[in-house]
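The following block contains the structure, expressed as structure tokens.
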Protein chains: 2
Amino acid sequence: MATAVSKIGPVSFDTHPSKYRHWKLAFEGPVATLGMDVQEDAGLSPDYKLKLNSYDLGVDIELADAIQRIRFEHPETHTVVVTSMRDRIFCAGANIFMLRGSTHSWKVNFCKFTNETRLGMEDASANSGIKFLAALNGICAGGGYELALACDEIVLVDDSNSAVSLPETALLAVLPGTGGLTRVVDKRRVRRDLADIFGTLAEGVKGKRAVEWRLVDAVYPASKFKEAVKERALKMAESSDRPSTGPGVALNPLNAQVSDNGSLEYSSVSFAVDRAKRTATITVRAPKVPVESTIDTIMAAGDQFWPLRVFRELDDVILRLRVNEPEVGTVVLKAEGDPALVIEADDVLLEHQHHWFVRETIHFIKRSLKRVDLSARSFFAIIEPGNAFAGTLFELALAADRSYMLDDDDQANRIQLSPMNAGVYPMSNGLSRLQARFYGEPGKVSEALAHEGPFDPAEAVEAALVTVAPDAIDWDDEVRMAIESRTTLSPDALTGMEANLRFVGPETMETKIFGRLTAWQNWIFQRPNAVGPKGALTSYGTSDRAEFDFGRT
Amino acid sequence: MATAVSKIGPVSFDTHPSKYRHWKLAFEGPVATLGMDVQEDAGLSPDYKLKLNSYDLGVDIELADAIQRIRFEHPETHTVVVTSMRDRIFCAGANIFMLRGSTHSWKVNFCKFTNETRLGMEDASANSGIKFLAALNGICAGGGYELALACDEIVLVDDSNSAVSLPETALLAVLPGTGGLTRVVDKRRVRRDLADIFGTLAEGVKGKRAVEWRLVDAVYPASKFKEAVKERALKMAESSDRPSTGPGVALNPLNAQVSDNGSLEYSSVSFAVDRAKRTATITVRAPKVPVESTIDTIMAAGDQFWPLRVFRELDDVILRLRVNEPEVGTVVLKAEGDPALVIEADDVLLEHQHHWFVRETIHFIKRSLKRVDLSARSFFAIIEPGNAFAGTLFELALAADRSYMLDDDDQANRIQLSPMNAGVYPMSNGLSRLQARFYGEPGKVSEALAHEGPFDPAEAVEAALVTVAPDAIDWDDEVRMAIESRTTLSPDALTGMEANLRFVGPETMETKIFGRLTAWQNWIFQRPNAVGPKGALTSYGTSDRAEFDFGRT
């Protein structure tokens, strides 16, 4: 079952357009074109061929990188056209042979990353003045159509060949689980009975009917397709509030020092793993000197601007943790350094929040924090003297499942809020982490934000900003026992528990994708009808026919 | 794995207080007391003993029946005290040995029914003037606490023994999946980090801390417990708008004729099964004469009042279908008779909607329709000449995944709406089925409702009220092929697909329980860490220790 993945070594998420194997990125005025051209033989594993523009995690890492770079390096880009460099095929979706050969955990983490990438496109559309146009110049199936669904508009070539389809249920006995089912009815608002037909029709829908069913926005004959795409892309670009010219900010390699034991060392983040104990510690460090405070100096700092740098590093840690350290179940979060410098950095972010680069930085931080919320690991924030859990970095303590703060008469230990805790970094459900924390006592949100200066442990407990604040006598034992006890529990039950407790209150399309749709897909990814010896995913492309146990659950 | 369930024959949901084995129902003024006293040896299967007031489906069928009867038979009841007849133990939750011995499908359907029962209690509180007080006179664990969470208020005896707990994650590697996790943070609004501790603490929380954490509303010493419960119950009763005296409406047995082949025949509903084809047809029949139209005659009709009768029968069909016919994946819905009499019945329901009995009838219909939405079967409405898909019965067509309407020039075929389609029967997500259908075109809701009289097939297609309307030449083939094709698909993929497509738009605590929480629980119910040979659910109560694969997904 696990052949493909077992041959994949530690995955790195560092890449660059000059190294892309699967995408061509081109710029013309306000329009960037992201052309899919997947190299069959360049999958992460040699066990499968990425035929027909099908994708694996490696293809999606490049896509995510490209979108990130468009946001930061190309402020003059206002529309991104997502298309294919191939004739007659846009994208066949996630590679089936990759899925078949993957462990359950690999499938789940692959889908999580691709979901985050697609939600990142929607985030750019909603918040960064970048619109996405899916230009479907050929067959668009499964994950290919899910990628199109993440775009603002979808146009399809009108020929006898090109259709959009979600054939997962009909052919593979799995779901269009990378947001597909949710986006069809919740975003495209396809009528549920038409969606039902579409979701069971392997060959999909094309031409005028695809427009009538709201599956695409328009179809064009092949002769007019390129011109129409160009026209629409330019029109979509008009509403952007991005600059009309550069310069952008280059995203240089993070150059993490990777140890054999899995530990990672960056400029402002450390990741220390104890595989025997199945724990890790992520330490983020405050800036050592005040951050740049004018647009000129911020732009000159570029990707070394501390708020961007520290969260790019944290983001990389979280991604590597998920894929490369599957057994590390409990993660301690620490923040070190001078909290006053974090609060100063927050002031700078707030002051310049409408400048395109600072805005991108803020939304990057937001997305990285969401990755923490969505990681299937237990997070405990450990707050000790010398900590820098202030403002933006305090979001990490709020994202944690629990927080422990040392209350020692002999050493000052403080946390602090800033206006950046007031809603700048909403969770997937649209609530700030303070709102989620105080869902039962909403008055405490404004009380906490109104508090002047730092909170000592007694004040932090009184304001309910930390879970517990043991004294120096109990501290070591209490923290150690909490972590040890956590590591003995079933990782599956913890995943389910955390996924339910972290997201109180309202739901959004995003939480529906990660909650309802993903949870069902993960269920199906274990079902014999999909992955058993006679399951449809197992049998696909072989001479065997799938055999189902028809019992409904 | 399936020993327990394999010995359970077809399950009947018909019962009566005179036959209860596990509950004692007592009435005093406005307060009913529902006392749990589970008979160890009276489980549905002899394979397990229902020790410590633990429960199986049989116990929950009685609970559901009792609540239904309180609503209909005891209008003078304004508060229900849910308590235990045992000393020192309220309820230990779902029986672990039953869960261990059950098939996946049985576990899933058991949880679905218990969820519906608990949501039914909340429905009575929100809509029927009946408040629920959980009087926890002893240990209250797992599903026992989930039952308490479904009540409006929870009081706990304050002694050295009695705690509330959700030990599922810590002891069994599963979730408190019958609404527990969702209600703790979304209804009780326990802070998420405290909920995290509570959810991993096998021994639970008691006394003052249980109040501080919002897990219970109050604690009382044993000496004052009964008096305090009585006082609170009477106080809760004061706000009710129910009558102060009876008479109620007796719910007589449905007396379904059950055939060996699984078919069921009721006064107004038929259920015909074709096990070889894995299909069934549910036919509901319009009243044959005008329904009673004054409160006096309606009360005299009692449970023979057609709207109640037909939906009690339908409800029974759906419940039996789920548990007794696991392989029937596709269900055809038909409505027969005079649609004018259905519309007349709707007028009567609307006119008297504020009378307690009519109100109960309307909410009963609403809950039965929700059971259809939540059933993991594909529903196709087949609309032919002579159909009675009008008003309330048209909700069945709207609940269906697809609807097929015959468009034959030679025979009239019509559907019709009534004001009862305008929001009286909301789905779990709070939308009317018309709103859900037209989530992408909200204007069509009011357009359809404003239409005078019936819709012929062309009008129905124009108003988008049916999926397709084939003509007489295509009809037989198109319907047959749609059903045949549906029955070849993976039942698991269909379950996941339908659970996602049916619930567009907003989410409620109810949809979070059925979507997010249930989907994760079903995932966990398949995981080796819970149900494998060394899983925690398998090992519980044996001398073996659970062994986990610590890989996180």
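Could you give every pair whose Cβ atoms fall below 8 Å, whose first residue belongs to region B:233-262 and is within 25 Å of B:D296 (Cβ to Cβ) and of a type in the set (D, E), and whose second residue is open to solvent by 80 Å² or more (accessible area, probe 1.4 Å) and assigned to a loop (DSSP other than H, G, I, E, B), counting only separations of at least 6 or pairs across chains?
Every condition considered, no pair remains.
Does B:F311 qualify as being open to solvent by less than 20 Å² (accessible area, probe 1.4 Å), within 27 Å of B:S12 (Cβ to Cβ) and assigned to a strand (DSSP E or B)?
So B:F311 fails the test.
Looking only at region A:169-189, filter to residues that are in contact with a Gly (Cβ under 7 Å, 6 or more places away or on another chain) and without any contact (Cβ under 8 Å) to a residue 60 or more places away in the chain; which one of those is farthest from the other protein chains (Cβ to nearest Cβ)?
A:P176
Further, regarding this structure: Of the numbered conditions (1) surrounded by 21 or more Cβ atoms within 10 Å (Cβ to Cβ); (2) at pLDDT below 95; (3) within 20 Å of the chain's Cα centre (by Cα), B:V59 fails exactly one; give the number of that condition.
Looking at each condition in turn, B:V59 falls short on (2).
Can you pull out every residue in region B:141-182 that is under 19 Å from B:S223 (Cα atoms) and of a type outside the set (D, E, K, R)?
The answer is B:I154, B:V155, B:L156, B:V157, B:S160, B:N161, B:S162, B:A163.
Are any residues in region B:517-546 over 22 Å from A:T487 (Cβ atoms) and in contact (Cβ under 8 Å) with a residue 40 or more places away in the chain, and if so, which ones?
B:L517, B:T518, B:Q521, B:N522, B:F525, B:Q526, B:G541
Would you tally the residues in region A:85-134 being in contact with a Ser or Thr (Cβ under 7 Å, 6 or more places away or on another chain), of a type in the set (S, T, N, Q) and open to solvent by 20 Å² or more (accessible area, probe 1.4 Å)?
Residues in region A:85-134 being in contact with a Ser or Thr (Cβ under 7 Å, 6 or more places away or on another chain), of a type in the set (S, T, N, Q) and open to solvent by 20 Å² or more (accessible area, probe 1.4 Å): 1 in total.
Pull up region A:112-151, narrow it to residues that are touching a Phe, Trp or Tyr at 6+ places or on another chain (Cβ under 9 Å) and assigned to a strand (DSSP E or B), then point me to the one that is nearest to A:G93 (Cα to Cα).
A:A141
Can you pull out every residue in region A:40-66 that is farther than 23 Å from A:I139 by Cβ, of a type outside the set (G, A, S) and part of a helix (DSSP H, G or I)?
Matches in region A:40-66: A:I61, A:D65.
Something else about it: Report yes if some residue within region B:445-453 is of a type in the set (A, V, I, L, M, F, W, C) and in contact (Cβ under 8 Å) with a residue 60 or more places away in the chain; otherwise report no.
no
List the number of the failed condition for B:D193; all other conditions in (1) part of a loop (DSSP other than H, G, I, E, B); (2) at the interface with chain A (Cβ under 10 Å from one of its Cβ atoms); (3) not aliphatic (A, V, I, L, M) hold.
(1)
Spot the failing condition for A:L494; the list is (1) within 11 Å of chain B (Cβ to nearest Cβ); (2) on the phi > 0 side of the Ramachandran plot, and only one is missed.
Unmet condition: (2).
Out of curiosity, is A:V269 open to solvent by less than 40 Å² (accessible area, probe 1.4 Å) and among the aliphatic types (A, V, I, L, M)?
Taking the combined requirement at face value, the residue satisfies it.
Moving to a separate point now. Does at least one position in region A:266-277 carry a residue that is hydrophobic (A, V, I, L, M, F, W, C), within 30 Å of A:H354 (Cβ to Cβ) and assigned to a helix (DSSP H, G or I)?
No, the conditions are met nowhere in region A:266-277.
What number goes with the only condition from (1) among the hydrophobic types (A, V, I, L, M, F, W, C); (2) open to solvent by 10 Å² or more (accessible area, probe 1.4 Å); (3) more than 23 Å from the chain's Cα centre (by Cα) that B:A256 does not pass?
(3)
May I pose another question? Residues A:M509, A:M481, A:M427: which one is surrounded by fewer than 20 Cβ atoms within 10 Å (Cβ to Cβ), touching a residue at least 40 places away in the same chain (Cβ under 8 Å) and either touching a Cys at 6+ places or on another chain (Cβ under 8 Å) or aliphatic (A, V, I, L, M) (or both)?
Residue meeting the stated conditions: A:M509.
Restricting attention to region B:505-553, report how many residues are hydrophobic (A, V, I, L, M, F, W, C), at the interface with another protein chain (Cβ under 8 Å from one of its Cβ atoms) and over 17 Å from A:F514 (Cβ atoms).
The number of residues fulfilling the criteria is 5.
Restricting attention to region B:320-338, report how many residues are away from chain A (no Cβ under 14 Å), more than 16 Å from B:D401 (Cβ to Cβ) and aliphatic (A, V, I, L, M).
Total meeting the criteria: 1.
Would you be able to say whether some residue in region B:202-212 is among the aliphatic types (A, V, I, L, M), without any contact (Cβ under 8 Å) to a residue 40 or more places away in the chain, surrounded by fewer than 24 Cβ atoms within 10 Å (Cβ to Cβ) and touching a helix residue (DSSP H, G or I) at 6+ places or on another chain (Cβ under 7 Å)?
The answer is yes, given that some residue of region B:202-212 is among the aliphatic types (A, V, I, L, M), without any contact (Cβ under 8 Å) to a residue 40 or more places away in the chain, surrounded by fewer than 24 Cβ atoms within 10 Å (Cβ to Cβ) and touching a helix residue (DSSP H, G or I) at 6+ places or on another chain (Cβ under 7 Å).
Keeping to region B:8-37, report how many residues are in a loop (DSSP other than H, G, I, E, B) and touching a residue at least 24 places away in the same chain (Cβ under 8 Å).
Total meeting the criteria: 14.
With the structure loaded, tell me whether A:R433 is within 11 Å of chain B (Cβ to nearest Cβ) and open to solvent by 10 Å² or more (accessible area, probe 1.4 Å) or whether it fails that test.
no
Please determine whether any residue of region A:297-320 is within 25 Å of A:H74 (Cα to Cα) and among the hydroxyl-bearing types (S, T, Y).
yes
Could you tell me how many of the residues in region A:67-104 are away from chain B (no Cβ under 14 Å) and part of a loop (DSSP other than H, G, I, E, B)?
Residues flagged as away from chain B (no Cβ under 14 Å) and part of a loop (DSSP other than H, G, I, E, B) within region A:67-104 amount to 10.
Considering only residues that are more than 30 Å from A:D159 (Cα to Cα), of a type in the set (A, V, I, L, M, F, W, C) and either touching a strand residue (DSSP E or B) at 6+ places or on another chain (Cβ under 9 Å) or touching a residue at least 40 places away in the same chain (Cβ under 8 Å) (or both), which ones fall in region A:120-137?
Hit for region A:120-137 is A:A124, nothing else.
Count, please, the residues in region A:1-48 that happen to be over 23 Å from the mean Cα position of the chain (by Cα), open to solvent by 50 Å² or more (accessible area, probe 1.4 Å) and either modelled with pLDDT under 95 or β-branched (V, I, T) (or both).
Residues meeting the conditions: 6.
What's the number of the condition A:A460 fails, among (1) surrounded by fewer than 23 Cβ atoms within 10 Å (Cβ to Cβ); (2) more than 10 Å from chain B (Cβ to nearest Cβ); (3) part of a helix (DSSP H, G or I)?
Among (1) surrounded by fewer than 23 Cβ atoms within 10 Å (Cβ to Cβ); (2) more than 10 Å from chain B (Cβ to nearest Cβ); (3) part of a helix (DSSP H, G or I), A:A460 violates only (1).
Could you please give the count of residues in region A:179-195 that are farther than 11 Å from A:M509 by Cα and open to solvent by 10 Å² or more (accessible area, probe 1.4 Å)?
5
Now a separate question. When you check B:T487 against the structure, is it crowded, with 21+ Cβ neighbours inside 10 Å, closer than 21 Å to B:K334 by Cα and either among the β-branched types (V, I, T) or away from chain A (no Cβ under 12 Å) (or both), yes or no?
no
The values are calculated or read from the model by the stated rules, or taken from the named source; none is laboratory data. Please read all numbers here as calculations on a predicted model, not as lab measurements. Here the Cβ is made from the backbone with ideal geometry for all residues, glycine too, and neighbour counts use every protein chain on show. Only protein heavy atoms, including side chains, enter the accessible area calculation; ligands, DNA and RNA are left aside. Shrake-Rupley method; radii C 1.70, N 1.55, O 1.52, S 1.80 Å.
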